[in-house]
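Have a look at the structure below, then the notes.
The values are calculated or read from the model by the stated rules, or taken from the named source; none is laboratory data. Note that the structure is a prediction, hence the values are computed from the model and not measured. Backbone-built Cβ (ideal geometry, glycine too); neighbour counts: all protein chains shown.
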Ligand code: PLP
């Protein structure tokens, strides 16, 4: 189906922050599979875990407990401080799981199923998550749509306060909006949301599918804000490239789910959880959240330096190695020129160049990315 506008190259292999195409040309990958390959391509610990587990037990069913799933659950529950976890296969499924959990909790706590989300947000492509997503273009042509969703401006606490009614069960927000243009929430906003949700007796959900797993400088983005949500969704970098998603929740919230209320055939199967355990362990052991903080600062200052005085730069922002450069012009031609010069870049929300490289990318590769980006930008402006 013609669902993706493909870039005219065919990728065949990858190592670290570099990938090769079928012609043997090498590229620096600053998109990293859309913030998935945080450990770089084919990290040896993930490759080994997949090889080993594939020869032992690939899949059984969630009717049976397995060691890889139990060990990953223990690792994430311990690291997050949230009491319970559910495994699924993708970010959209994690968001769906979080929404269903919030609604079940609402139904048992005298509230309705209303959910408030943010303008510019992105939570996935299923029917419920396109409603949660604060970008109407994703809903176009998919009527009839699920009800009970309302979006309000991002980083605006008063707007949330006004929108909440007795039927609201949860507020869902990305600590750093990804697809919406790499927009970080402010600390005051998330602190205010936490206080307000507690007072109103509703749940706070953080979608960390894109900003989680070390990218913003902390294993969980909320740890960098000092604000703990009731429910967190994860996917993307969690599996080191193998598809897996997860919903973490406070124990008192998670307990509203009883056997049969929700589930999935593949979610948390031995192969995916063995890969994810290796990936999360490597992220922690190699101190990649800390490195993301350090390299993120370096990338932002390099970009500021290299673009000084250029009028097409509207803003440079981000947290850790989730960096956006907002342009005053369409970013697509810049991405195309970067590709010709050996860098896999990306533009989101029309004008925001998105830099989400592997967290272990070298300084030299980042320097090259900045050089290629600025050269491509200058050539685009000069026509
Ligand atoms: N939530 C956020 C914040 C995302 O960035 C994405 C994907 O970009 C999703 C959910 C959906 O994830 P997936 O594409 O794995 O379904």
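Remarks
- If the condition is being touching a strand residue (DSSP E or B) at 6+ places or on another chain (Cβ under 6 Å) and surrounded by 20 or more Cβ atoms within 10 Å (Cβ to Cβ), then the stretch 121-151 contributes 121, 123, 131, 132, 134, 149, 151.
- Looking at 209, 171, just one residue is in a loop (DSSP other than H, G, I, E, B), surrounded by 23 or more Cβ atoms within 10 Å (Cβ to Cβ) and touching a residue at least 40 places away in the same chain (Cβ under 8 Å), and that residue is 209.
- Some residue of the stretch 269-282 being at pLDDT 95 or above and farther than 28 Å from residue 48 by Cβ: no
- Number of the condition not met by residue 37 [criteria: (1) assigned to a loop (DSSP other than H, G, I, E, B); (2) away from the ligand (no atom under 16 Å from the Cβ); (3) in contact (Cβ under 8 Å) with a residue 24 or more places away in the chain; (4) under 30 Å from residue 346 (Cβ atoms)]: (2)
- Unmet criterion (only one of (1) more than 16 Å from the ligand (Cβ to nearest atom); (2) part of a loop (DSSP other than H, G, I, E, B)) for residue 121: (1)
- Members of the stretch 174-183 that are surrounded by fewer than 24 Cβ atoms within 10 Å (Cβ to Cβ) and closer than 21 Å to residue 228 by Cα: 183
- Subset of the stretch 308-332 that is over 17 Å from residue 211 (Cα atoms), touching a strand residue (DSSP E or B) at 6+ places or on another chain (Cβ under 9 Å) and in contact (Cβ under 8 Å) with a residue 24 or more places away in the chain - its residue that is surrounded by the most Cβ atoms within 10 Å (Cβ to Cβ): 327
- Counting residues in the stretch 86-109 that are touching a helix residue (DSSP H, G or I) at 6+ places or on another chain (Cβ under 8 Å), under 21 Å from residue 36 (Cβ atoms) and more than 10 Å from the ligand (Cβ to nearest atom) gives one or more.
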